[in-house]
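So the structure is just underneath, and the comments pick up after that.
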Amino acid sequence: MLTDLETKIKILKHNFRILNSDDDEVSAHIYTILSHDILFFLQTEAAKNQPIWDQESADFIELFNFLYNHKIIGLITEGEAKALYFLAQAMKNNQEPIIEIGAHLGFSTIFLAKHKLVQTIDNQFNDKLREADPLWRIFFANFYNDEFLFADIRDHETKLEICRRHWRLAGVFANIKTICGEAKEAAALMPRASMVFYDADHDYKSVHDLDAYFSKIVSHGVIAIHDFNEKTPGVIGAVYDFYLRNKVKLDGPFLIDSLIWFRVK
């Protein structure tokens, strides 16, 4: 039996397809309209599956404070960083690496790479931060002290150079391999993975391309997506679409702040 949400989506898809035959565009538009309903639905589902970490980790706290004190920060919360740290730790005896899509300045990569080999893909590794992200600088300044955030970023550094400096300082450089390119094209080059972490473009189609990576995740592995919140309807829609298509193969969802993840059965 269809839920009320699924019924709404079915009716809207039927009506919109009369005007537009592109399924991706139709889905993206509908999921934007219903993003609050979908967000509430998946948050409610996640509330049934609250993750419980065995104990507080002195190692995690020490690492998080070390990065903060060295002005290495990112756009994930402490709770999200902790979740990534423990998810990766749970995979440490699994030989398959973690695939990260979207590294920005390499902050989240550090929490994954403390326990595992990480293959990270970013299409902006060769960009220079100040030239590439002028609008982001304004955005950051509204949330952080601008001098504090950029104090460790040197003029004319590329994002990859910044990441590598951060990774060396955190002691995880040897555990990280990088590819500069588009995630969809890079998928064919990727090995089997114990975990896939997506934190890149927020539009529906880009997140929807996760399908190319889902088949690479081993049994009991994890697929995690960041920025699952009301500000990113494209992420909400793509995650919901992914969940509907694959829920018989998944445990979850699990949710910490704006980080949502599923375990592969």
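The set of residues in the range 1-40 that are basic (Lys, Arg), more than 24 Å from residue 231 (Cβ to Cβ) and either modelled with pLDDT of 75 or more or not in a helix (DSSP H, G or I) (or both) contains only 10.
When residue 109 is tested against the conditions (1) modelled with pLDDT under 95; (2) of a type outside the set (A, V, I, L, M); (3) in contact with a strand residue (DSSP E or B) (Cβ under 6 Å, 6 or more places away or on another chain); (4) closer than 14 Å to residue 226 by Cβ, the lone failure is (1). If you check 43, 95 for being at pLDDT 90 or above and part of a loop (DSSP other than H, G, I, E, B), only one passes: 95. For residue 162, the criteria (1) surrounded by 19 or more Cβ atoms within 10 Å (Cβ to Cβ); (2) under 19 Å from the mean Cα position of the chain (by Cα); (3) in a helix (DSSP H, G or I); (4) not charged (D, E, K, R) hold in every case but one, which is (2).
The values are calculated or read from the model by the stated rules, or taken from the named source; none is laboratory data. These numbers come from a predicted model, not from an experiment. Here the Cβ is made from the backbone with ideal geometry for all residues, glycine too, and neighbour counts use every protein chain on show.
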